[in-house]
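The values are calculated or read from the model by the stated rules, or taken from the named source; none is laboratory data. Keep in mind it's a predicted model, so treat the numbers as computed, not measured. Cβ atoms come from the backbone with ideal geometry, glycine included; neighbour counts cover every protein chain shown.
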Amino acid sequence: MSVKYELIIYWSESDQTFVVEVPELPGCMADGQTYVEAVTQAEIVIQEWIETAQALGREIPVPKGRLLYA
């Protein structure tokens, strides 16, 4: 799968893990002990998020690429 959604990746000191957030898909997050593991898990969760949304007849956001924040 080719991930086209923006991923925000950071280290969580309190959880001792890398966390990945997908801001365009509400509630879509993953984590992993390594950077690569976290991104790999995020790819799986994104696919599951999309499959669930399709099954529920919900709109799937079109990837916008890089998001800009003020």
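Does Ala55 satisfy being hydrophobic (A, V, I, L, M, F, W, C) and surrounded by 15 or more Cβ atoms within 10 Å (Cβ to Cβ)?
Against the criterion (hydrophobic (A, V, I, L, M, F, W, C) and surrounded by 15 or more Cβ atoms within 10 Å (Cβ to Cβ)), Ala55 does not qualify.
Take segment 1-23 and flag every residue that is among the β-branched types (Val, Ile, Thr) and closer than 15 Å to Ile50 by Cα.
Val3, Val22
Picking from Tyr5, Tyr10, which residue would you name as being out of contact with any Ser or Thr (no Cβ under 6 Å at 6 or more places or on another chain) and loosely packed, with under 15 Cβ neighbours inside 10 Å? Please lay out each step first, then the result.
Details: Tyr5 fails: loosely packed, with under 15 Cβ neighbours inside 10 Å.
Answer to the check: Tyr10.
Kindly indicate whether Ala38 is modelled with pLDDT of 95 or more, out of contact with any Ser or Thr (no Cβ under 9 Å at 6 or more places or on another chain) and assigned to a helix (DSSP H, G or I).
Here the answer is no, as Ala38 does not meet what is asked.
Within segment 18-33, does at least one residue satisfy the condition of being among the charged types (D, E, K, R) and at pLDDT below 95?
yes
Restricting attention to segment 23-52, and to residues there that are charged (D, E, K, R) and closer than 14 Å to Lys4 by Cα, which single residue is surrounded by the most Cβ atoms within 10 Å (Cβ to Cβ)? Steps first, answer last, please.
First, pick out the residues of segment 23-52 that are charged (D, E, K, R): 24, 31, 37, 43, 48, 51.
Subset that is closer than 14 Å to Lys4 by Cα: 24, 43.
Details: Glu24: 18, Glu43: 16.
Residue satisfying both the conditions and the ranking: Glu24.
Could you please let me know if Arg66 is at pLDDT 95 or above, exposed (fewer than 12 other Cβ atoms within 10 Å of the Cβ) and of a type in the set (Lys, Arg)?
no
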